[in-house]
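Peer 1: Handing you this structure, nothing more for now.
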Amino acid sequence: MSADLERIARGLSSPDPGERLAAARSLEAQMAALLEAGATDWTPLAGRLLPQLVAGLGDAEKGVQVHCANCLQFLAYQSDAVLPALREALAPPEERRAWAAAFVAARLGLWSAEVGRALAAAMGAPDRDIRWAAAGHALALGRSHPDCVEVVKGVLRAPSPAARKMAAYCLGAMGGYADVAGVLAGRLTDPDRDVRRAVVLALNRLPQVPPELQRAVAALRHDPDAFVRRAADAVARRWGL
């Protein structure tokens with residue numbers, strides 16, 4: 001196994017993205033095979049490859065990130081060294097690495113202010129898949145960690161319209177367990193049409209919407225944007241307005 005570890009370590013450190021991806025994929029497959037064979041001592045693997053796996057969280061190749069994240073998630077249950085390494089990876093300024101570390105932490109059910117900061121930043125990422133993944137993890141963590149809900153509320157005031165839109169959708173889902181109507185109401189006049197529409201659709205998901213807020217949504221039947229007008233009309237009709 002030591003020879004395989006050295007080969008994989010070299011591959012993960014290669015300047016060639018194809019080699020890094022092949023190494024990360026090979027490691028995940030080998031770990032699955034070792035687990036199936038009943039392996040119990042993961043110390044040599046974690047000791048040799050932990051730095052490369054953490055570095056892989058910030059890789060420009062998304063596939064490398066994913067395989068390294070999967071390996072670290074498993075190793076977190078096997079080695080006490082993994083969680084401190086993840087906490088270090090959450091530190092700025094490397095946002096790409098911080099997002100992937102938050103991805104692992106969230107899948108482990110772990111919350112911290114650093115995880116929240118990374119998820120908030122990822123909700124405004126150019127990559128749509130990352131935005132939705134960040135929102136999904138925030139939604140799951142928010143059930144047990146009210147601070148996570150507050151972080152998403154903060155994203156609703158972010159400079160990026162994409163981030164505000166994602167926060168609106170996320171808060172609409174969080175409305176099943178948190179009080180979010182008021183903060184959503186404050187963005188019905190957002191300057192971005194996609195955000196206004198997202199807020200209307202988010203309010204439509206809430207178990208209860210105060211009558212005055214229902215009327216505010218109905219008033220968007222006169223919004224300058226046709227998509228917002230149609231969304232507002234459909235939601236208002238659902239409320240009997």
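Peer 1: Treat each spin label as a single point 7 Å out from the Cα along the C-beta direction, and report the ALA81 to ASP225 distance in nm.
Peer 2: 5.0 nm
Peer 1: Among residues other than ARG196 whose Cβ falls under 15 Å from its Cβ, what is the net charge (Lys/Arg +1, Asp/Glu -1)?
Peer 2: Taking every other residue near ARG196 into account, the sum is +3.
Peer 1: Taking the chain on its own, what percent of its Cα-Cα pair distances exceed 24 Å?
Peer 2: When every Cα pair of the chain is considered, 52 percent fall beyond 24 Å.
Peer 1: Might you work out the accessible area of ASP179 for me, using a 1.4 Å probe with all protein chains in place, and round it to the nearest 10 Å²?
Peer 2: Approximately 120 Å² of ASP179 is accessible to the 1.4 Å probe.
Peer 1: Would you mind calculating the relative contact order of segment 88-183 from Cα pairs under 8 angstrom and at least 6 residues apart, reporting the percent as a whole number?
Peer 2: 22 percent
Peer 1: What are the ³J(HN,Hα) values, in whole Hz, obtained from phi via the Karplus relation 6.51 cos²θ - 1.76 cosθ + 1.60 with θ = phi - 60°, for each residue of segment 181-198 in sequence order, with x given for Gly and Pro?
Peer 2: 4, x, 5, 5, 4, x, 10, 5, 9, 3, x, 9, 5, 5, 5, 4, 5, 4
Peer 1: I need to check one value: relative contact order of the chain, counting alpha carbon pairs closer than 8 Å and at least 6 residues apart, in percent.
Peer 2: Values: 322 pairs, mean separation 24.3, N = 241.
Rounded, it is 10 percent for the chain.
Peer 1: Under a 1.4 Å probe, what is the accessible area of the chain per residue, stated in Å²?
Peer 2: Using a 1.4 Å probe on heavy atoms only, each residue of the chain averages 49 Å².
Peer 1: Tell me, what ³J(HN,Hα) does each residue in segment 142-148 have, in order and in whole Hz, if you take phi through Karplus 6.51 cos²θ - 1.76 cosθ + 1.60 with θ = phi - 60° and put x for Gly and Pro?
Peer 2: Those phi angles translate into x, 5, 10, 10, x, 4, 5 Hz.
Peer 1: In whole Å, what are the extents of segment 1-114 along the principal axes defined by its C-alpha atoms, from largest to smallest?
Peer 2: That gives 38, 32, 18 Å along the principal axes, largest extent first.
Peer 1: Using a 1.4 angstrom probe on the protein heavy atoms only, could you order ILE8, ILE130 from most to least accessible area?
Peer 2: I get ILE130, ILE8, largest accessible area first.
Peer 1: Filter the chymotrypsin sites (Phe, Trp or Tyr not before Pro) in segment 113-189 down to the DSSP loop ones having no more than 16 other Cβ atoms within 10 Å, then list what survives.
Peer 2: Working: sites: TRP132, TYR169, TYR177; in loops: TYR177.
Hits after loop and neighbour filter: TYR177.
Peer 1: Sort LYS62, LYS153, LYS165 by accessible area with a 1.4 Å probe, largest first.
Peer 2: Sorted by accessible area, descending: LYS62, LYS165, LYS153.
Peer 1: Right, here's the next one. Mind grabbing the accessible area of ARG25 for me, 1.4 Å probe, Å², rounded to tens?
Peer 2: 120 Å²
Peer 1: Could I ask something else about it? Would you mind putting 136-147, 111-122 in packing order, based on average other-beta-carbon counts within 10 Å, highest first?
Peer 2: 111-122, 136-147
Peer 1: Now for a different question. With charges set only on the Cβ (+1 for Lys and Arg, -1 for Asp and Glu), what does the dipole of the chain come to about its Cα centre, in debye to the nearest 20?
Peer 2: So the dipole magnitude of the chain works out to roughly 1160 debye.
Peer 1: If you don't mind, there's one more thing I want to ask. Based on the Cα coordinates of segment 134-206, what is the per residue volume of their convex hull in Å³?
Peer 2: Value for segment 134-206: 68 Å³ per residue.
Peer 1: Extending each Cα 7 Å along its Cβ direction at ALA39 and GLU61, get the distance between those two points in nm, one decimal.
Peer 2: Between ALA39 and GLU61, the label points sit 2.1 nm apart.
The values are calculated or read from the model by the stated rules, or taken from the named source; none is laboratory data. Computed from a predicted structure; not experimentally measured. Here Cβ is always computed from backbone atoms with ideal geometry, including for glycine, and neighbour counts include all displayed protein chains. Just so you know, the surface numbers come from the protein's heavy atoms only, side chains and all, with ligands and any DNA or RNA stripped out. Shrake-Rupley method; radii C 1.70, N 1.55, O 1.52, S 1.80 Å.
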